[in-house]
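In what follows, a single structure is set out as structure tokens and then discussed.
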Amino acid sequence: MRRRIQAAERHLKAVDPLLAGLIGRHGPCTLMRDPRPHFHTLVWAIINQQLSVKAAQTIEARLQARLGSEQFEPHHFHRVRTATLRACGLSGAKIRYLREIARRVRSGELDLDLLDRLDDEGAAELLMGLPGVGRWTADMLLMFSLGRLDILPLGDLALRKSIRQHYRLPEDAAHEVYLEVAEPWRPYRSIASWYYWAAVD
């Protein structure tokens, strides 16, 4: 993975002076594939939906402490009471999503290991067929659980804000404008996204 990221950094520096500056400022990209099961990362992504990083981290820590495990597993959401999950900070909707996804995995109806054998769009389609999973959540799984290097998660507000600021785009820039800016970054848009996130941290 590190060699692939180094190749990505060389490409991005060659095609985009702004990215060359960010790479020089922030150093080597540390985006790495999460070795934990896809289910864990899916729970993490659902927790993070529409929340600040700090708020999501607080809920995740409470949930891990209550479940007695740093790694989320399908059986964790089988018997635990709704009131307990709510006390950790999960909304009613997120509790329903997690319970249903966990049920499908436990019953064998859903095999998340299939994701490894699908291309980016195929994996995204499988994920977006799950309750509570939209494009942003699917993109997080593709980047952080599957290690895909050419994902551009434009559903992420922080990423769009950083790109707008660096390229002086208007607040109401269309989706197509972001795609045009990012076109030279292919096939390493995940790595470019990491640097634009780093620039707003």
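The values are calculated or read from the model by the stated rules, or taken from the named source; none is laboratory data. Note that the structure is a prediction, hence the values are computed from the model and not measured. Neighbour counts are summed over all protein chains in view; Cβ atoms, including those assigned to glycine, are modelled from backbone coordinates with ideal geometry.
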Going by what's in this entry, would Glu171 be described as in a loop (DSSP other than H, G, I, E, B) and either aromatic (Phe, Trp, Tyr) or in the same structural domain as Glu9 (by TED's automatic domain parsing) (or both)?
yes
Residue list for segment 26-80, restricted to those being on the phi > 0 side of the Ramachandran plot and either crowded, with 17+ Cβ neighbours inside 10 Å or within 16 Å of the chain's Cα centre (by Cα) (or both):
Gln50
Would you mind stating whether Arg106 is under 20 Å from His38 (Cβ atoms), in a helix (DSSP H, G or I) and either under 14 Å from the mean Cα position of the chain (by Cα) or not small (Gly, Ala, Ser) (or both)?
yes
In the list Leu154, Leu127, Leu146, Leu141, which residue meets the criterion of being surrounded by 15 or more Cβ atoms within 10 Å (Cβ to Cβ) and free of Cβ contacts under 8 Å to residues at least 60 places away in the same chain?
Leu154
